[in-house]
Amino acid sequence: MRLDIISIFPEYFAPLDVSLIGKARERGTLDVRLHQLRDWTHDVHKTVDDTPYGGGPGMVMKPEVWGEAIDTVIGSGEPRMIVPTPSGRPFTQELAQELAREQWLLFCCGRYEGIDSRVMREYGSRMRVDEVSIGDYVLAGGEVAVLVMVEAIGRLLPGVLGNACSVADDSFAPGAMQNLLEGPVYTKPPVWRGHEVPAVLLSGHHGKVARWRRDEALRRTVANRPELVAAMDPDTLDKHDRRLLDELSFRVEPEDVAN
Ligand code: 6GU
């Protein structure tokens, strides 16, 4: 996969040199190219922003600079363009999987109040452009959001993770334990500072381990993300699930209701 990133702070992307993503780049699975937006300015101050039309606080990134930068980076190609912004569509595991199937992604990092909207309009008529948010909070710029997205996408590329199963097992992977967060995990030693590993995990009883894991996943999801439990298809809840949810005082639609 080719991945271009245009930013006024390309230094933000130093973490892409290390770990899984760094290895993927060394192997050629990922071809990451960083670009300094200011290289496409023409004034001595290398100005990338200006005051917003209509007034209001902050500064808006100028369209001409972005246009020249994007034209040069893409040439006659048509990457999928991603613009990180808190006003974008949510970045989810599903979107990460969709983007991991693309051959070429271009990330355009805004700072200040964002990029002049005509840039997204202009390129939106030539290629797929998505404004994407990584969550309901405001960052100072899109760089960290792009790091998040590149890591989420990169680990899905064939051969990037050592263990193919660990991707399928992810909390939000379709077909994992549907809609449930992953429960707690343990390794050796069996007792650490007086804290024991749950005995069932040492029992070698695969059925009991699976049931215990589902219970823990349900408990954790009720505690941390109750809306995910509320959104579960009630038909996917067995008797044991229902009893556990009842113990946790989590209300679910009763079984066998005549429609
Ligand atoms: Cl993608 N950018 C910025 N600046 N803030 C954010 C965001 C993106 N996603 C959540 N907050």
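Over all pairs of different C-alpha atoms, segment 118-259 has a mean inverse distance whose reciprocal, the Kirkwood radius, equals 19.1 Å. For ASP235, the accessible surface of its heavy atoms amounts to roughly 140 Å² (probe 1.4 Å, protein chains only, rounded to the nearest 10).
Could you do me a favour and compute the accessible area per residue for the chain, 1.4 Å probe, result in Å²?
59
Heavy-atom accessible area for MET120, with the other protein chains in place and a 1.4 Å probe, reaches approximately 30 Å². Selection among THR47, PRO57, PHE13 by position relative to the dipole of segment 1-80 gives PHE13 as farthest towards the positive end (Cβ unit charges, Cα centre).
In terms of accessible area, using a 1.4 Å probe and ignoring ligands and nucleic acids, LYS208, LYS62 rank largest first as LYS208, LYS62. For segment 192-252, the dipole from Cβ point charges (+1 on Lys and Arg, -1 on Asp and Glu) about the Cα centre works out to 200 debye, to the nearest 20.
So, with a 1.4 angstrom probe, what is the percent of accessible area on the chain that is carbon and sulfur? That fraction is 52 percent. In loop segments of segment 1-84 as defined by DSSP, the trypsin sites (Lys or Arg not before Pro) with at most 14 further C-beta atoms inside 10 Å of their C-beta are LYS46. Translational diffusion coefficient of segment 1-64 (Stokes-Einstein, Kirkwood radius from Cα pairs, 10 °C, 1.306 mPa s): 113 µm²/s. Ordered by 1.4 Å accessible area with all protein chains kept, HIS205, HIS240, HIS42, HIS195 run largest first as HIS42, HIS195, HIS205, HIS240.
Counting only Cβ charges, +1 for Lys and Arg and -1 for Asp and Glu, the dipole size of the chain around its Cα centre is about 780 debye. Put simply, the amide H of GLY183, placed in the peptide plane, has neighbours under 5 Å in ALA217, leaving out anything fewer than 5 places away on its chain. Under the definition of Cα pairs under 8 Å and six or more residues apart, what whole-number percent is the relative contact order of the chain? This gives 17 percent for the chain. Over segment 40-159, Cα pairs under 8 Å with separation of 6+ residues give a relative contact order of 32 percent. Heavy-atom accessible area for ILE6, with the other protein chains in place and a 1.4 Å probe, reaches approximately 0 Å². A Cα-only calculation for the chain places Rg and Dmax at 23.3, 74 Å.
With coordinates expressed along the principal axes, the C-alpha atoms belonging to segment 1-130 extend over 46, 32, 29 Å, beginning with the largest. Each Cα pair of segment 90-190 feeds into the Kirkwood radius, which the Stokes-Einstein equation turns, at 25 °C and 0.890 mPa s, into a diffusion coefficient of 153 µm²/s.
The values are calculated or read from the model by the stated rules, or taken from the named source; none is laboratory data. On a predicted model such as this, the values are computed, not experimentally measured, just so you know. So basically every Cβ, Gly included, is an ideal-geometry build from the backbone, and we count neighbours across all protein chains shown. Surface areas here come from the heavy atoms of the whole protein model, side chains and all, with no ligands, DNA or RNA. Shrake-Rupley method; radii C 1.70, N 1.55, O 1.52, S 1.80 Å.
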